[in-house]
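FYI, it's all coordinate maths here, none of it is from the lab. Please read these numbers as outputs of a predicted model, since none were measured by experiment. Using ideal geometry, Cβ is built from the backbone for each residue, glycine included, and neighbour counts are taken over all protein chains shown.
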């Protein structure tokens, strides 16, 4: 009951953004900035985009589509990005036409998805990408040796943490991996870039 209340509070856009900052999101944004800039996408679908923290990392001429399950986050996104496209939906059934996106971003989402949902989400990501489009995958992974990571997994709403190797196998079944790295802040993370064949 208390954990449910905390999760509802954390869904408020202002609170959500502050939690992300405390969790080291500024370092993650810096990593994204370095990796995304050379790709220069014109249409981006950000799965689980929350309050649209990645919007400013793509060009002003880029059509950024923020997809999230939580309306409060999308309202927060729209309040700071006038005219932006906020879509209420989830990764397993993306309400966007086939082959439209130059890039799909899936940041900190996979640990919220069951195995079946993850498979569907990766299939859907491939479906909305143009051939040659880039799939960006970023998430925390299981690292039993990291005390901070073990504590954070207990607090997180995500019930499906996976190893870096497991995520990579699922990812490379659909995308040609052109970049894959692991790094740590509190959790251990993976950052992957794949290309749709």
If 186, 160 are placed from fewest to most neighbouring beta carbons inside 10 Å, the sequence is 160, 186
Test of understanding: what is the full-extension gain from residue 42 to residue 71, defined as 0.36 nm times their sequence separation minus their Cα-Cα distance? 7.9 nm
Cβ-derived FRET efficiency at R0 25 Å, residue 178 paired with residue 100, nearest 0.05: 0.75
Working out 0.36 nm times the residue gap between residue 34 and residue 56, then minus their Cα-Cα distance, what length gain in nm do you get to one decimal? 6.7 nm
